[in-house]
1. Considering every residue within the range 310-323, establish whether at least one is modelled with pLDDT of 90 or more, in a helix (DSSP H, G or I) and within 15 Å of Glu382 (Cα to Cα).
2. Give me the helices (runs of 4 or more DSSP H) completely within the range 202-302, filtered to those with at least 3 residues that are without any contact (Cβ under 8 Å) to a residue 12 or more places away in the chain and either more than 20 Å from Arg164 (Cα to Cα) or not aromatic (Phe, Trp, Tyr) (or both), ordered by residue number.
3. Does the range 326-346 hold any residues that are surrounded by fewer than 17 Cβ atoms within 10 Å (Cβ to Cβ) and over 15 Å from Ala410 (Cβ atoms), and which are they?
4. From the list Asp338, Asp375, pick out the single residue that is over 29 Å from the mean Cα position of the chain (by Cα) and of a type outside the set (Gly, Ala, Ser).
5. With respect to Ala358, is the statement that it is assigned to a helix (DSSP H, G or I), outside the structural domain of Val412 (by TED's automatic domain parsing), of a type outside the set (Lys, Arg) and closer than 22 Å to Gly121 by Cα true?
6. Identify, from the list Val213, Val197, the residue that is within 32 Å of the chain's Cα centre (by Cα), assigned by TED's automatic domain parsing to the domain that holds Lys267 and surrounded by 13 or more Cβ atoms within 10 Å (Cβ to Cβ).
7. Quick test of your reading of the structure: Asp175 fulfils all but one of (1) outside any helix (DSSP H, G or I); (2) farther than 30 Å from Val295 by Cα. Name the failing condition by number.
8. Step by step: first the residues of the range 125-150, then only those that are among the β-branched types (Val, Ile, Thr) and crowded, with 22+ Cβ neighbours inside 10 Å, then the one that is farthest from Asp402 (Cα to Cα). Which residue is that?
Amino acid sequence: MASEPLPPPPANDPTDASTPAAKIPAKPSTPPPSPPAAAAAIPPPAAPSSDAKLSTAPAPPAAAKPSTPPPPPPSALPQPPPPVERTQSPATPVAVVPQSAPSTPLESALFEVKRVVVGQGRMLERILVCLIAEGHCLLEGVPGIAKTLSVETLSKVVGGSFVRLQFTPDMLPADIVGTRIWRASTETFDIELGPIVANMVLADEINRAPAKVQSALLEAMAERQISIGGETFKLPRPFLVLATQNPIESEGVYPLPEAQRDRFLMKIVIDYPTPAEEVEIVQRMGVRPPVANQVLDLDDLLVLQEHARNVYVDRNVVDYAVSLTLATRDPSAYGLGDLAPMISYGASPRASLGLVAAARALAVIRNRNYVLPQDIFDVAPEVMRHRLVLSYEALARDITADHVVAGILATVPAPRVAPSQEPTYGSSAAG
């Protein structure tokens, strides 16, 4: 027994096969036949003081056993000590924000919509931005790319009412806002409200209706109320109009004038899905299309809209948004002299307001209480593309509004926001 002091096995490697002492706890449930004294010296595998007892136990005949031992059952393997850190880890939240933060229900809402709508992630995010910023959006895309499905699914997720208006050349304003109906039984006029009294209105192919009908819709969008027979009726909140137009048809359409396009917060251009997304569309929507569940309610949406109004915007970020708008009016002042002949009329001050409002809503979606210059940069194409009036030279050279906006974004420098510029929230805004 004098030559028996063996080095204790490492504490972090209980299964090391280099020492005999580590072989003893390998099969505590089915020990090999050995003297009773050696068997009694084997401690339970979970006892922390097993190393001291193993050092005084006689070495078993382990020379012949390692060659052909039967594989021990999983329950017989030595278990590590209780993970103290793991039991305490759930107390430390992994997410940056608590569960009650506004971004958590928004992420759930986007997840539910994406269960039904394949791809088109940018379109879905921008529609949600318009909904939170209390603006309206103009969707431009060919038929069959989930414009109607996206709006209808989003209305189910947020729990609001949804109506689709199919615009036609013979449509009248009364078909949208409502009219007065004579009741012979009571000899009075009753007010019949139109289908526009809803939370989400899809104006499908708005450029097919005459200008009088378009004006009636856009007046309701701007004033958020309708007037019938001298009476005014408030539209429900939240109120979102998503108008669609087909870019490939030119016959029988009435293009929106520039003044009416300016009332939309965003113009979202939708492209075809990718080949992988189209395969997923066929597999997901071919037999049993999924149905989205309601995640939010209208009260939650109103809270999110109020939260977006309170998002902090630094003065440098506001100056950046205004500079982008001014660059469309006087490109030469910002080193964009080659763009000056391409623009007939620049963006109005509504573009500056729209940039800040959309950036605030995007910051809420991205779980921030402050706006970064990157937010302005991200929403600028959708906010500005429909507010520019291009010249004939630009049309002849096949230059689009997106080309002009991309040139402005690449030239106008963005400010660098330091954490010290946001003492209200105490959050780092450095990008």
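The values are calculated or read from the model by the stated rules, or taken from the named source; none is laboratory data. Values in this document were obtained by computation on a predicted structure and should not be read as measured data. Note that each Cβ is placed from the backbone with ideal geometry, even for glycine, and that neighbours are counted across all protein chains shown.
1. Restricting attention to the range 310-323, the residues satisfying the condition of being modelled with pLDDT of 90 or more are 310-323.
Cutting the leftovers down to in a helix (DSSP H, G or I) gives us 315-323.
So of that shortlist, the ones also within 15 Å of Glu382 (Cα to Cα) come out as 321.
Scanning the range 310-323 turns up at least one residue that is modelled with pLDDT of 90 or more, in a helix (DSSP H, G or I) and within 15 Å of Glu382 (Cα to Cα).
2. Numbers: elements: 211-223, 258-261, 275-285.
Ranges flagged: 275-285.
3. First, pick out the residues of the range 326-346 that are surrounded by fewer than 17 Cβ atoms within 10 Å (Cβ to Cβ): 329-330, 332-333, 335, 337-338, 340-341, 344-345.
Result: Arg329, Asp330, Ser332, Ala333, Ala340, Pro341, Ser344, Tyr345.
4. Details: Asp375 fails: over 29 Å from the mean Cα position of the chain (by Cα).
Answer to the check: Asp338.
5. On the way: assigned to a helix (DSSP H, G or I): yes; outside the structural domain of Val412 (by TED's automatic domain parsing): no; of a type outside the set (Lys, Arg): yes; closer than 22 Å to Gly121 by Cα: yes.
Judged against the criteria, Ala358 is not a match.
6. When all the criteria are applied, what remains is Val197.
7. Looking at each condition in turn, Asp175 falls short on (1).
8. The qualifying residue farthest from Asp402 (Cα to Cα) is Ile132.
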